[in-house]
Amino acid sequence: MTTTVKAYAATAADQPLTPTTIERRDVGPHDVLIDIKFAGICHSDIHTARSEWGATNYPVVVGHEIAGIVAEVGSEVTKHSVGDRVGVGCMVDSCGECEYCTGGEEQFCVKGNVGTYAGIGKDGEPTQGGYAQAIVVTEDFVLRIPEGIELDEAAPLLCAGITTYSPLRHWNAGPGKKVAVVGLGGLGHMAVKIAAAMGAEVTVLSQSLKKQEDGLRLGATHYHATSEQSTFQDLASSFDLIVNTVSAVVDLDAYLSLLRVGGTMVNVGAPEKPLSLAVFSLIMARRSLAGSPIGGIRETQEMLDFCAEHHLGAEIEVIGAEQVNEAYERVLASDVRYRFVIDVSTLD
Ligand code: NAP
Ligand code: ZN
């Protein structure tokens, strides 16, 4: 016996998302049933819905920025209770036994973690994500949303928040550090807020100056347009850390030249096409080029608690489910301020 819930699904790479129904598994002893209230729209949803990262298995319900309320818990569940405010991010399971899982870094699970959507669950069925009325998730992958953050503003933290918090922590963003954030979209705006709250001096590098006022309000001290060639001359060799959130191909060498000796550029943006690099940009100043995927469950909870403590929710535009295709077009046009969040009650 499964439960049927309403959802929005992608059925082909070149088709709009459409209403559908999906089945959720029965609540097992270690499972939590969550009534989804809000689901953020991550650019990864679009890459997946459109098969930009390789062939997607359709139909797929995307969405891995999930916030809701616990509706039922299995008999063995100890971490969550009915009525709790909870979230689910990009993973819903992992092997639980490898060195990374036992170390709280399930994102690196050697057997591969189970993605919230477009993965294969332990029951052998394809996983379906958050653009849906409810989800059943094993309790270890359910996060607690602290009081002090509204559920709609919390949803984007489950991907955009942790994906930027984790590298900022790993590369020690903090007082005395100059951090540049490339791209002021969903991830970028959270990177600015979090890096500023950690005490770093933050610079936004955006395609234009259109969002300058917002960037400064979110916590940046400086804001530059990358369309101006002088930006790359003026800021040469000035940053300790660059967080690149751009969803498209960028000129890596141009950005690497902005790092000080020993600085690091970490890519979280995951464009469809490969990036190229002239290695001398790294060699000449002992610079590093890195990447970083989401974050483990323990760190995701730490990020949520940090955001609550610093009053950092996402800046959101709440939409009805029927507006999802229009929202996708606006994300693709860099016209998002700064995360679309689906009000899931509009699926009813
Ligand atoms: P988003 O909201 O669309 O933001 C991307 C921003 O990049 C845009 O707002 C824009 O900022 C800039 N941009 C877009 N196209 C550009 C272009 N052609 N040239 C230069 N800049 C451009 O997307 P998001 O949800 O933040 O996701 C960003 C990327 O991160 C996506 O590729 C997504 O798949 C990836 N991602 C990775 C992880 C991970 O674990 N590493 C997790 C989540 C998402 P400006 O207008 O300010 O220039
Ligand atoms: Zn995401």
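The values are calculated or read from the model by the stated rules, or taken from the named source; none is laboratory data. Predicted model only: the values in this text are computed from it and were never measured. Positions of Cβ are backbone-derived with ideal geometry, glycine not excepted, and every protein chain shown enters the neighbour counts.
Here the strands (runs of 3 or more DSSP E) wholly within the stretch 167-261 that include at least 2 residues being modelled with pLDDT of 95 or more and over 22 Å from the mean Cα position of the chain (by Cα) are 222-225, 239-244.
Name the residues in the stretch 71-91 that are in a strand (DSSP E or B) and within 16 Å of ligand 2 (Cβ to nearest atom), would you? Selection gives G87, V88, M91.
To keep it simple, each residue is scored yes or no on (1) more than 10 Å from ligand 1 (Cβ to nearest atom); (2) in contact with a strand residue (DSSP E or B) (Cβ under 9 Å, 6 or more places away or on another chain); (3) touching a residue at least 60 places away in the same chain (Cβ under 8 Å).
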residue: A132; (1), (2), (3): yes, yes, yes
residue: D140; (1), (2), (3): yes, yes, yes
residue: R144; (1), (2), (3): yes, yes, yes
residue: T163; (1), (2), (3): no, no, yes
residue: H170; (1), (2), (3): yes, yes, yes
residue: A173; (1), (2), (3): yes, yes, yes
residue: V182; (1), (2), (3): no, yes, yes
residue: G185; (1), (2), (3): no, yes, yes
residue: H189; (1), (2), (3): no, yes, yes
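Would it be correct to say that L304 is in contact (Cβ under 8 Å) with a residue 24 or more places away in the chain and under 20 Å from the mean Cα position of the chain (by Cα)? For L304, the condition - in contact (Cβ under 8 Å) with a residue 24 or more places away in the chain and under 20 Å from the mean Cα position of the chain (by Cα) - is met. Which of the residues belonging to the stretch 48-58 are surrounded by fewer than 17 Cβ atoms within 10 Å (Cβ to Cβ), out of contact with any helix residue (DSSP H, G or I) (no Cβ under 7 Å at 6 or more places or on another chain) and over 21 Å from T21 (Cα atoms)? If the condition is that a residue be surrounded by fewer than 17 Cβ atoms within 10 Å (Cβ to Cβ), out of contact with any helix residue (DSSP H, G or I) (no Cβ under 7 Å at 6 or more places or on another chain) and over 21 Å from T21 (Cα atoms), then G54, A55 are the ones that fit.
Report, by residue number, each residue of the stretch 68-115 that is touching a Pro at 6+ places or on another chain (Cβ under 9 Å) and not hydroxyl-bearing (S, T, Y). Steps first, answer last, please.
Kept after step one, since they are touching a Pro at 6+ places or on another chain (Cβ under 9 Å), are these residues of the stretch 68-115: 74-77, 85, 90, 107-108.
Those that are touching a Pro at 6+ places or on another chain (Cβ under 9 Å) and not hydroxyl-bearing (S, T, Y): G74, E76, V77, R85, C90, Q107, F108.
Restrict the check to the stretch 93-106 and report whether at least one residue is of a type outside the set (D, E) and under 23 Å from G186 (Cβ atoms). No, there is no match, as no residue in the stretch 93-106 is of a type outside the set (D, E) and under 23 Å from G186 (Cβ atoms).
Filtered by the rule that a residue be touching a strand residue (DSSP E or B) at 6+ places or on another chain (Cβ under 7 Å), more than 16 Å from ligand 2 (Cβ to nearest atom) and not in a strand (DSSP E or B), the stretch 48-70 gives N57, Y58, P59.
Answer with yes or no whether A155 is among the hydrophobic types (A, V, I, L, M, F, W, C), buried (at least 19 other Cβ atoms within 10 Å of the Cβ) and assigned to a loop (DSSP other than H, G, I, E, B). No: the conditions fail for A155. Put simply, of V192, V204, V243, V182 the only residue that is within 16 Å of ligand 2 (Cβ to nearest atom) and either crowded, with 22+ Cβ neighbours inside 10 Å or assigned by TED's automatic domain parsing to the domain that holds V331 (or both) is V243.
Looking across the stretch 35-47, the residues that are outside any loop (DSSP other than H, G, I, E, B) and either surrounded by 24 or more Cβ atoms within 10 Å (Cβ to Cβ) or of a type in the set (D, E) (or both) come down to D35, I36, F38, A39, G40, H43, S44, D45. Checked against the criterion of being over 27 Å from G115 (Cβ atoms) and either surrounded by 20 or more Cβ atoms within 10 Å (Cβ to Cβ) or β-branched (V, I, T) (or both), the candidates I319, I283, I297 yield just one match: I283. Listed conditions (1) buried (at least 17 other Cβ atoms within 10 Å of the Cβ); (2) of a type outside the set (S, T, Y); (3) assigned to a strand (DSSP E or B) are all met by E23, apart from (1). From the list I46, I22, the lone residue that is of a type in the set (A, V, I, L, M), out of contact with any Cys (no Cβ under 8 Å at 6 or more places or on another chain) and farther than 13 Å from T127 by Cα is I46.
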